[in-house]
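> Here it is, the structure, as structure tokens.
The values are calculated or read from the model by the stated rules, or taken from the named source; none is laboratory data. All of these numbers come straight from a predicted model, not from anything done at the bench. No Cβ is skipped: glycine too gets one built from the backbone with ideal geometry, and neighbour counts run over all protein chains shown. Areas reflect the complete protein model, heavy atoms only, side chains present, ligands, DNA and RNA absent. Shrake-Rupley method; radii C 1.70, N 1.55, O 1.52, S 1.80 Å.
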Amino acid sequence: MRSFNNLVINEWLKMSKKRSFFIPYAIIAVVAVVLAWVLKRWAGDMVGSAFDYTTLMSSTSGFGQFTAMLAVIFTAGLVSGEHGQGTIKFLLIRGQSRGKVLASKYVAALLFALTLIVWMNVVSFASGAVLFGTEHSSGAWRDILIASGSSLVYSIVYMTLGFMMGVLTRSTGAAMGVGMAAIMLSGITIPKSFYKYVLFPNADLSIYIHGGHPPIEGMTLPFSIVIIAVYIVLFLGASFVTFKKRDIA
């Protein structure tokens, strides 16, 4: 377990040393502050407090979808970039299994997505507190957690898809392109019963918040969770099988 933790730490350090590492965090901070100011100045009483603003920003209907895009863009090259630079060989000659190396990269990607969501909540709440105050109802914290959790799941789903494409194609561009395209297509709903088994309409769990109606009859929260889990297992299964069997030379 200690060796795996060291691999994850190593992956995180490699990510943090990139010049582009802090760009997603900077984008989130700028958008959160500017949007709060715009809403305060021109939207009147649309936002009641910092809690309302944070929930709005965290939800997939707010800035959560764009956060997923940032996660996909940054993590798309975790595997394909190593292939392109030839550094993947150095990881595999250190006595660590291929499965453990790939798993450490995926865990680092998950941590990155999580930190983006946490950072978005922190900046949104801080800017909202300054401009809108902190009065809240009894369920305000719960609403933030639900919105953030839905956005995190949404980010993980499409980030895992991009991660798989990076492993299968060894191309950062392909991984990024497929992940981004999937996010943009996620808003399209085909009113046919078979479509409820497709990943896209199930990835956004926020549709079930406050008793919302799913886009296709027969979809429920447990159903969507199972569909998401099945697709993630398939994506990761394809990634690990390919990575273990493919010639690294």
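> Keeping to region 36-51, report how many residues are farther than 25 Å from Ile146 by Cβ and of a type in the set (Phe, Trp, Tyr).
The number of residues fulfilling the criteria is 2.
> Please tell me if Ile228 is in contact (Cβ under 8 Å) with a residue 40 or more places away in the chain and not acidic (Asp, Glu). Don't jump to the end; show me each part of the working.
On the way: in contact (Cβ under 8 Å) with a residue 40 or more places away in the chain: yes; not acidic (Asp, Glu): yes.
Judged against the criteria, Ile228 is a match.
Rundown of residues vs (1) open to solvent by less than 30 Å² (accessible area, probe 1.4 Å); (2) in a helix (DSSP H, G or I), yes/no style:
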position	(1), (2)
Asp143	no, yes
Ser150	yes, yes
Val153	no, yes
Tyr158	yes, yes
Phe163	yes, yes
Met176	no, yes
Met184	no, yes
Ile190	no, no
Lys196	no, yes
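> Kindly provide the set of residues from region 96-147 that are closer than 30 Å to Leu168 by Cα, in contact (Cβ under 8 Å) with a residue 12 or more places away in the chain and of a type in the set (Gly, Ala, Ser), ordered by number.
The answer is Gly99, Ala103, Ser104, Ala108, Ala109, Ala113.
> Out of region 97-115, which residues are within 18 Å of Gly64 (Cβ to Cβ) and out of contact with any Phe, Trp or Tyr (no Cβ under 7 Å at 6 or more places or on another chain)? Before you say what the answer is, go through the steps one by one.
As a first pass, look at region 97-115 and keep what is within 18 Å of Gly64 (Cβ to Cβ): 109-115.
Within region 97-115, Leu110, Ala113, Leu114, Thr115 qualify.
> How many residues are surrounded by fewer than 19 Cβ atoms within 10 Å (Cβ to Cβ) and either at pLDDT below 90 or in contact with a His (Cβ under 6 Å, 6 or more places away or on another chain) (or both) if we restrict to region 90-113?
Looking only at that region, the number is 10.
> Please go through (1) at pLDDT 85 or above; (2) open to solvent by 30 Å² or more (accessible area, probe 1.4 Å); (3) among the hydroxyl-bearing types (Ser, Thr, Tyr) for Thr87 and return the number of the only condition it doesn't satisfy.
Every listed condition holds for Thr87 apart from (1).
> Need a quick list: helices (runs of 4 or more DSSP H) entirely within region 1-82 having at least 3 residues that are open to solvent by 40 Å² or more (accessible area, probe 1.4 Å). Talk me through it step by step, then tell me what you get.
Details: elements: 2-16, 23-42, 50-58, 65-75.
In region 1-82, the matching helices (runs of 4 or more DSSP H) lie at 2-16, 23-42, 65-75.
> Residues in region 1-53 that are of a type in the set (S, T, N, Q) and in contact (Cβ under 8 Å) with a residue 24 or more places away in the chain: how many?
Of the residues in region 1-53, 4 are of a type in the set (S, T, N, Q) and in contact (Cβ under 8 Å) with a residue 24 or more places away in the chain.
> In this structure, does Val122 turn out to be at pLDDT 95 or above and open to solvent by 60 Å² or more (accessible area, probe 1.4 Å)?
For Val122, the condition - at pLDDT 95 or above and open to solvent by 60 Å² or more (accessible area, probe 1.4 Å) - is met.
> Among Ile207, Ile227, which is the only one that is part of a helix (DSSP H, G or I), open to solvent by less than 80 Å² (accessible area, probe 1.4 Å) and modelled with pLDDT of 90 or more?
Going through Ile207, Ile227 in turn, the sole match is Ile227.
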